[in-house]
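Report on the following structure.
The values are calculated or read from the model by the stated rules, or taken from the named source; none is laboratory data. Computed from a predicted structure; not experimentally measured. All Cβ positions, even for glycine, are placed from backbone atoms using ideal geometry, and neighbour counts span all protein chains on display. Ligands, DNA and RNA are excluded from the accessible area calculation, which covers all protein heavy atoms including side chains. Shrake-Rupley method; radii C 1.70, N 1.55, O 1.52, S 1.80 Å.
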Amino acid sequence: FQHGTSLAVPQLLAELKAGGYKIVHLVPKNSLDSMAQYDDILAKDKVTGPVTGGGRPTSSVVKTIGE
């Protein structure tokens, strides 16, 4: 997904801007510490495969962009 996403970013940003959205860069105030329980879930997902979109199939969160 990363390569395809990187190729789609310019068009996605253009579509968002055309829709009236403003793109901003956010910087965290503080650093975050990982939670052991969450780390355990991630470790398990690496073995069984990640769940995309909170359990939704990948097709429900992927937008195909053509020329």
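Rolled with a 1.4 Å probe across the full set of protein chains, the surface gives L13 an accessible area near 60 Å².
Between L32 and Q11, the distance separating the two model label sites (each 7 Å from Cα on the Cα→Cβ line) works out to 3.0 nm. Each residue was assigned an accessible area with a 1.4 Å probe, and for V9 the value is about 60 Å².
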